[in-house]
Structure formats: structure tokens, C-alpha cells
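A short worksheet on the structure shown next.
The values are calculated or read from the model by the stated rules, or taken from the named source; none is laboratory data. Fair warning: this is a prediction, and the values are worked out from it, not measured in the lab. Please note: Cβ atoms are built from the backbone with ideal geometry, for glycine as well, and neighbour counts cover all protein chains shown. Keep in mind that these areas ignore ligands, DNA and RNA; they rest on the heavy atoms of the full protein, side chains included. Shrake-Rupley method; radii C 1.70, N 1.55, O 1.52, S 1.80 Å.
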Amino acid sequence: MTKRTPAVSGSASRRGFSAVFALLVLAGSGQAETLTGTVVDPQQRLIAGATVSLHCQGKTETRQADHQGHFTFTRDVFPGDCSVVAVSSGFAPQERTVGADRVLALQLRLAEIKETVSVPADILSRPPLASVSLSASDLKDISDNTIDLVAYAKRMAGVQSGADHIYVDGLPTDTLPPAGTIDRITINADPFSAEYSDGSSTHIDIVTKDTERKFKLEMGGFSFGPGTHSVLNSHLDSTSETGRGMLTGPVPNLPLAFTASGDFNYQQTEEPIEAVVPAIPGIAMATVASAPTTNFNHSVTLGTYYARNDTLHANASLSLSGRDLSNMGVSGLTLPDAGMSEGFDSREFRATVTRTGPHSVYRAGLLTNWSDTTLNANSSSLGVSVLGAFVGGGADIDHQTNDNTRWTLKNVLTQDFHRHVLSFGITGSRTGDGKSESPNPSGRIEFDNVDQYKLSATTGADTGTWFLTRGQGQAHYVSYNAAPFVEGELLRSTNASVHGGFRADYQTNGGVLCSPRLSGAAGRRGFLFRTGSGMFVQNWPNWAFLDVVENDGHHLQQYLARDVSLSEVQAGAPTLQLPTIVSQTAPNLTPPREWVSKASIEHPSRHFTPGVEYTWIVGTHLLGSQRLSVPTGWTDILESNRSTRQHQLHFRAQYEIKGQSFTAHYEWIHAGDDTDGPFSFPARQNDLRDEWAPASNVAPHNLTLIGHFRLKATSITLMEVLRNAIPSNITSGLDAEGNGLYTDRAGRARNSGEGPAFHSLMLYAHRRFSLSRFLSGSTRKLYLDGGFQVENLLDNKNYLTMGTIAGSPLFGQPLAALPGRAVRFSLNLARP
């Protein structure tokens with residue numbers, strides 16, 4: 001697999017429609033006599049024998065790409081009107097302007113099928129059924145926001161559930177590049193690649209563009225629209241302001257090109273609050289209908305791209321980003337006093353190198369990320385909560401700072417051994433997390449129901465449970481990971497291919513676990529058959545161990561007292577004799593892993609391509625917790641004895657004709673597990689027999705319908721996304737075991753309730769307007785890109801959470817929801 005890793009850009013700015021940046025460098029560039037490049041398919045695999053044509057000043061030269069997908073043209077000079085076109089059977093032609101860059105990567109897209117496929121080899125390189133690869137031209141018709149583009153690409157692949165693992169130019173990322181720097185987004189390119197270990201999670205590859213040695217300016221990116229109303233309260237709405245800008249150009253007298261980009265987003269929302277707070281004389285706590293929240297994101301990126309010759313390319317970038325939140329967590333049951341503010345700052349440095357030889361490609365990358373987070377409570381008063389009714393008073397944390405560092409080093413060599421391509425490499429990383437926490441000095445008192453709260457507040461009855469944390473929690477945890485791998489195509493013929501790989505994963509305290517992978521594809525009589533199976537090891541999250549260290553009884557001391565009154569806690573009860581809660585890890589903790597198997601069949605025809613894929617997933621050694629009784633109180637054990645099973649059927653149908661396309665995805669998922677994550681507790685401690693149930697947050701039925709229409713210079717995309725109700729866990733609101741967990745279900749099965757469903761119709765429209773004709777004397781083209789985006793066009797009510805405490809005032813009622821219909825206009829000024 002050959003992959004050019006161009007410069008990575010980031011983003012920047014200030015609140016409101018403020019200027020993003022200004023950066024100008026005088027240009028200087030030299031001429032080159034050789035133009036070279038590589039032709040690859042949507043999965044970055046080499047395309048041997050592709051026809052490549054060079055068009056310059058009305059003349060055409062043609063070359064055939066060699067077995068490594070390489071091509072070369074030699075001229076005295078390459079005028080500014082030169083372009084390169086690559087053509088290969090089964091793919092759409094790809095054209096690129098030569099510009100000042102003398103090294104090109106031409107990635108071909110699958111062609112619109114005009115006739116029944118008769119050559120099986122043409123369909124072997126088709127992407128997997130639940131995969132998609134979208135180019136920059138596809139993406140510009142959708143949005144100028146990277147988050148929107150990633151979400152759109154996932155929907156195009158028919159993915160609606162599961163975790164996301166995002167990579168930029170082959171490296172994991174915490175900072176998304178600006179939309180203007182993205183060359184391609186690919187979802188689930190190769191589910192069984194030994195280079196990665198994402199398993200059932202969604203693998204998202206973002207490839208950034210090469211930076212040309214000429215000035216290019218994109219300004220504006222400003223978006224605006226009417227306020228978006230709240231589904232729970234039509235009198236409340238939210239507003240958003242965004243702005244973006246990007247400048248690229250040459251560095252004088254050096255084979256370098258630079259990129260400077262920035263963006264900002266400011267959002268203000270009136271968040272509805274559904275809490276039910278009984279009015280009690282002498283208690284200054286009352287229901288409020290809403291609370292204002294703000295979210296301000298800003299970032300800036302500076303990058304350089306190096307390409308002196310046709311064999312060596314390098315880029316480096318530094319991204320600075322920040323986020324400021326107010327009234328974080330306030331909504332549903334949580335009142336403003338119990339909310340927090342957050343300040344977040346991140347710095348990410350990324351560098352990649354690609355060196356191409358006659359029969360090999362070497363890729364190396366370095367990623368370093370530093371981030372700091374500060375949390376401050378809105379109030380330091382005693383926290384008071386009634387299950388299923390309200391959360392008020394101060395937050396559990398009065399002040400907290402987090403510092404995180406991560407570095408990742410990756411090396412991959414792809415070598416051609418007698419027409420058999422083999423890749424091997426290693427990825428190593430170090431992750432360090434630190435936390436300093438000052439807990440709420442008054443703690444939190446919790447009541448099972450409203451009546452017990454009233455009784456304690458008016459008569460002093462001992463009906464509450466008091467949670468108190470003391471100490472200054474300063475903890476730090478560091479882990480190291482290493483994963484060598486080897487993979488290659490074991491067999492390739494005109495109608496079949498077999499690909500195999502092997503990976504070894506090491507993590508601190510987890511030992512070494514081996515992961516074999518094997519996949520294959522075969523074509524016969526127009527049908528494409530694909531199958532694969534492999535093991536995927538998942539790394540432990542650092543934050544889980546950091547929480548255990550912080551609450552080990554030496555850093556922070558957690559106390560729990562049952563049967564206390566509100567007045568007693570307000571007076572400050574002594575803590576010397578209170579039971580304690582201490583955290584620790586199980587001695588036999590084992591890294592989680594998944595065994596994933598897939599089988600699919602497709603039949604490309606003239607305009608219509610149906611297909612179906614079956615996936616079977618077995619997950620073992622998943623994390624979960626139990627709270628066990630000890631003489632001094634309780635011990636929370638983090639253990640790895642949970643599991644999951646999943647059967648999944650994915651149907652996809654595509655129809656394309658005359659530039660218009662229609663795609664339908666339907667996914668049926670039957671998933672079960674016995675955990676909701678590292679710190680989820682069973683209903684009865686030390687007994688997991690009743691925990692097996694439908695998996696949380698996984699809808700059994702999912703449907704995505706997409707239509708693309710192009711009317712001259714205007715593109716229109718309609719996308720309908722539906723999923724039925726997700727399983728929901730209903731609890732009784734009682735502390736049956738007296739351990740402060742409130743996990744009792746009163747005999748109900750886990751996840752026996754129905755949570756919210758989802759239904760949304762989205763509209764994306766785009767048109768490019770040429771402004772050059774309005775500028776007299778202008779010799780360069782100037783464009784204005786207009787975008788129109790509507791989320792939830794039909795204004796459906798899509799709830800996020802529902803009341804799950806049986807017998808509470810808000811049981812079964814919606815507590816939080818996605819916004820209603822949201823309309824957004826955007827304008828971008830581009831001068832290529």
C-alpha cells in the first residue's frame with residue numbers, strides 16, 4: 001500500500017465574526033524537468049498498468065504506470081496549463097493540475113457502472129460493503145466544517161453506531177484538520193488490516209492535500225442562520241457563529257510550501273431544564289425553566305510541506321486549539337448551581353515522511369499532543385439530589401485540573417517481492433495523564449424519592465445518603481504501547497485474492513497479545529464474494545487507571561454515610577467513623593479483545609449494485625466494576641470479566657444514472673453484553689448472572705437513505721437517517737444493598753426499557769459562483785462558494801435521554817433532546 005502523507009492543517013480564532021489571521025510570504029520557486037507520481041485506488045492500493053496522460057499546450061503524452069503504480073514524464077519545462085489524467089478499468093478518470101508540484105498522488109474513485117461487469121479482476125478492488133471513500137470534490141458540496149464531513153461520511157457508509165477511531169495521514173489524532181485541507185475521507189477501508197486494531201469500531205482515515213508552491217487564499221467560511229429552537233421548549237433557541245480562513249504559499253529559495261489556517265465557532269444555547277423541585281420553606285432551591293450555556297471553540301494551525309524531488313516528501317504542522325464552556329452539564333435534571341465551567345487548551349505537533357524507492361515505499365510519522373483542562377464548579381455549596389427529580393446545590397468537584405501528554409511514533413515499509421507486496425512496521429506510543437482535584441468540601445446528600453427529601457427537609461428525618469470526598473487528589477498514570485505488524489497479499493489471480501496479516505500488541509501491565517488476520521475476495525459471473533476473520537486487541541483507557549489511583553484511599557478519601565438528615569449534613573457531621581470507599585484493580589486484569597468475522601456478497605450490474613454483509617463479533621475481557629463489602633466500608637474492583645456478542649446484517653443498494661445516485665443502507669443488529677464500561681456496576685454485587693441483556697445504545701434497526709442530484713452547477717443531497725428505540729436500563733431508585741450505588745432494578749431485566757428513537761431528514765446544497773468576470777483586469781480566477789444546510793428538515797423530536805427511575809416524577813419523560821430544525825448558510829471566498 002502506498003500513501004502520500006501531505007501537510008496537515010488545523011484551525012483558529014475569536015468569538016463573533018472576528019478576523020482569523022494574515023500571513024504573506026513572497027514567492028520563489030524553481031522549475032523541474034521531471035514529473036512523477038503514483039496511481040492508487042480508494043484504499044491506497046497500487047494500480048499497476050493505469051494509463052496516465054500529460055496535457056500541455058494542446059499536446060498529449062501518454063505513459064503506462066509500472067507494477068508499483070508509478071509514472072514519470074520528462075520535459076524542459078511544464079507550463080502553467082499542464083494537467084495529468086489517470087485512467088484504469090473500473091475507475092473514474094482522475095485529473096490533476098500540475099501546478100508547481102512535481103510529485104503527484106492520483107487516487108482513483110470507482111466509476112459509475114455503465115454495463116454488467118464481465119472481468120472479475122475489476123471488482124476485486126471494490127471497497128467493503130460498509131465502506132466509502134469521498135474526495136475533496138465530493139465533500140465541498142456538503143459542508144465547510146470537518147465535524148459535519150466526518151458525520152456525513154459515516155452515514156454514506158451506513159454506519160450509525162459504535163465508537164470512532166480517527167486517523168489523519170495514518171496517525172491517530174485529537175485535532176481534526178480544517179475542511180479546506182482535506183483531500184479524502186475514507187470509512188472502514190480494510191476491516192482486517194494488521195496495521196490497525198480498531199475491530200468493530202469505525203475506522204476513519206482523513207488524508208490531507210498536498211500544499212502547492214503557489215499562493216492560494218480561502219477566506220470567509222462564515223455561517224449564519226435563524227436561531228434553532230429547542231424540542232423540549234419551543235420558546236428557547238440557540239445561535240451559532242463560525243468563521244474560517246486558510247492561506248498557502250511558497251517559502252522563498254527553499255523547496256517548502258507553507259499553510260496557515262484558522263477557525264472559530266461560538267454557540268449560545270438556552271438549555272431547557274425539566275427538573276422537579278418541591279417548594280420547601282427555608283430551602284433556597286427552586287425549579288428553573290432554562291439556563292444559558294455557551295461553547296466557544298477556536299484553533300489555528302501552521303504547517304510546512306517539503307518535496308525537493310520525486311522520492312522524498314515530508315510535512316510538519318503545529319495546531320493550537322482551545323475550548324471554553326459555561327454551565328457544562330446543566331440540562332434535564334441538573335440545575336445551574338450544580339453545573340461547571342471548563343477551559344481546554346491543546347497543542348499538537350505532527351510530522352510525516354514518505355520516501356519512495358524503485359520497489360518500496362517507506363512511511364514514518366511522529367505525533368505529540370499536550371492538553372490541559374480546568375474545571376470550576378458554579379457553586380461550592382452542599383450538593384442535593386433526588387433520584388429522578390433534580391440535581392442541585394454544588395457539583396461533586398469544586399476545582400480540577402487535568403494534564404495529558406501523548407506521543408506516537410510510526411514506521412511502515414511496503415516492499416515489492418517478486419510482484420507480491422508485503423508491508424511491515426511498528427507503532428509505539430506513550431500516554432501520560434495527570435489530575436489534581438479539590439472535591440466539594442460539603443459533599444452531596446442523595447434521597448431515593450421526593451417524599452424522603454421533603455420529610456428530611458421539614459422534620460429532620462434521617463432519610464438521606466451522604467457522599468463526601470476529602471483530600472487533594474493529585475495522581476498521575478503513564479502507559480506504554482507497542483504494536484509490530486506484518487501483512488501482505490498472499491494470493492492474487494484474475495478472479496481471487498487472499499490477504500493475511502499478523503500483529504502483536506503490548507501495553508503496560510497487559511503483556512503481549514497476538515492478533516492473526518485473514519481475508520479474501522473472489523469474483524465469479526459478476527458476483528463479488530468477500531470474507532475475513534481476525535483478532536483485535538483493545539488498549540485500556542488511561543483514565544480508568546487514573547481514577548483508580550486517585551481513589552485508592554491515599555490520594556482522595558471517599559466516605560459514605562446512610563440514614564442521615566439534611567440538617568445534620570448541613571451542620572457538618574464528623575468523618576472519623578464513616579465507612580470508606582476504596583478503588584483497586586483486579587489482580588488478573590487482562591486487556592479486552594474482539595474476534596470479528598465478516599462475509600459479504602455483491603453483484604454490480606449496469607446501474608444497480610445490491611449487496612449484503614454478515615458480521616459476527618465476540619468480545620471478551622471487557623472492563624466493568626463491582627463494589628464489595630469490607631470491614632471498613634467498600635472496595636470498588638475494576639475487573640475484566642465481562643463480554644459481548646453481536647450478530648449484524650447490513651444490506652446496501654446503490655443506483656447510479658447520468659450523474660444522479662441513490663443509496664440505501666439497512667442494518668439489523670442483535671447485540672448483547674453484561675457491562676456498560678469500566679465503572680458500571682451490576683444490580684447485585686458479586687453476581688453477574690442477571691446482567692446479560694441487549695447492549696446499551698445499540699438500536700436493532702437502522703436505515704439510511706441518500707440521494708445525490710446535480711442540476712448544472714448546483715448539487716443537492718438529501719439524507720434520511722432512522723433508527724428505532726435503543727434499550728434503556730430502568731432502576732427502582734432504591735439502595736437495596738446499602739452501598740450507595742442505586743443499581744437495584746426491582747426484579748426487572750437489565751436494559752428492559754425502551755429509550756429514544758431517532759429520525760432526521762438532512763438537506764445539503766452547494767453552488768460555486770465565479771467572481772472573476774466582475775473584477776476588471778483580474779488574471780486569476782476568484783470564486784464564491786455558497787452552501788445551504790438544513791438539519792432535521794421535518795423538525796422531528798429526537799430525544800437524547802429519558803427518565804429511567806421507576807416511580808419518579810419524570811419517569812418515561814424526555815430530559816434532553818437534539819435541536820429542532822436547524823438552517824445554516826455559509827459563504828467561502830476562494831482564490832485558487
Legend entry - Those residues of the stretch 792-813 which are part of a loop (DSSP other than H, G, I, E, B) and within 27 Å of the chain's Cα centre (by Cα), in sequence order: Asn792, Leu793, Leu794, Asp795, Asn796, Lys797, Asn798
Inset, instruction - Run Ile47 past the list (1) touching a Lys or Arg at 6+ places or on another chain (Cβ under 6 Å); (2) closer than 23 Å to His359 by Cβ; (3) at pLDDT 70 or above; (4) not hydroxyl-bearing (Ser, Thr, Tyr) and report the number of the one that doesn't hold. - result: (1)
Legend entry - Condition check for Ala504: closer than 30 Å to Ala544 by Cα, open to solvent by less than 40 Å² (accessible area, probe 1.4 Å), of a type in the set (Gly, Ala, Ser) and free of Cβ contacts under 8 Å to residues at least 60 places away in the same chain: yes
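Here is a yes/no grid of residues against (1) buried (at least 19 other Cβ atoms within 10 Å of the Cβ); (2) closer than 29 Å to Gln813 by Cβ:
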| site | (1), (2) |
| --- | --- |
| Pro700 | no, yes |
| Gly707 | no, no |
| Pro727 | yes, yes |
| Ala757 | no, yes |
| Arg768 | no, no |
Legend entry - Residue in the stretch 507-558 that is most open to solvent (accessible area, probe 1.4 Å), counting only those that are of a type in the set (Ser, Thr, Tyr) and not in a loop (DSSP other than H, G, I, E, B): Thr531
Inset, instruction - Answer yes or no: is there a residue in the stretch 683-696 that is within 23 Å of the chain's Cα centre (by Cα) and open to solvent by 20 Å² or more (accessible area, probe 1.4 Å). - result: yes
Inset, instruction - Run Ile283 past the list (1) open to solvent by less than 20 Å² (accessible area, probe 1.4 Å); (2) at pLDDT below 90; (3) within 28 Å of Ser341 (Cβ to Cβ) and report the number of the one that doesn't hold. - result: (1)
Legend entry - Pairs, first polar (S, T, N, Q) in the stretch 797-815, second assigned to a strand (DSSP E or B), C-beta under 6 Å, six or more apart: Asn798/Phe758; Thr801/Leu815; Thr801/Ala816; Thr804/Ser728; Gln813/Gly803
Legend entry - Test result for Glu61, at pLDDT 75 or above, acidic (Asp, Glu) and either assigned to a loop (DSSP other than H, G, I, E, B) or more than 32 Å from the chain's Cα centre (by Cα) (or both): yes
Legend entry - the stretch 412-428, subset open to solvent by 20 Å² or more (accessible area, probe 1.4 Å) and modelled with pLDDT of 95 or more, residue nearest to Phe502 (Cα to Cα): Ile426
Inset, instruction - Determine whether the stretch 260-270 contains at least one residue that is acidic (Asp, Glu), open to solvent by 40 Å² or more (accessible area, probe 1.4 Å) and either touching a Ser or Thr at 6+ places or on another chain (Cβ under 9 Å) or not in a strand (DSSP E or B) (or both). - result: yes
Legend entry - Scope the stretch 559-612; condition within 29 Å of Asp396 (Cα to Cα), open to solvent by less than 50 Å² (accessible area, probe 1.4 Å) and outside any loop (DSSP other than H, G, I, E, B); matching residues: Tyr559, Leu560, Ala561, Val564, Leu566, Val569, Thr580, Ile581, Val582, Ser583
Inset, instruction - Tell me which of these Ile204 doesn't satisfy, since it passes every other one: (1) within 30 Å of Ser331 (Cβ to Cβ); (2) assigned to a helix (DSSP H, G or I); (3) of a type in the set (A, V, I, L, M, F, W, C); (4) in contact with a helix residue (DSSP H, G or I) (Cβ under 7 Å, 6 or more places away or on another chain). - result: (2)
Inset, instruction - Kindly list the number of the only condition in (1) surrounded by fewer than 22 Cβ atoms within 10 Å (Cβ to Cβ); (2) more than 30 Å from Gln452 (Cβ to Cβ); (3) at pLDDT 90 or above; (4) among the aliphatic types (A, V, I, L, M) that fails for Val276. - result: (2)
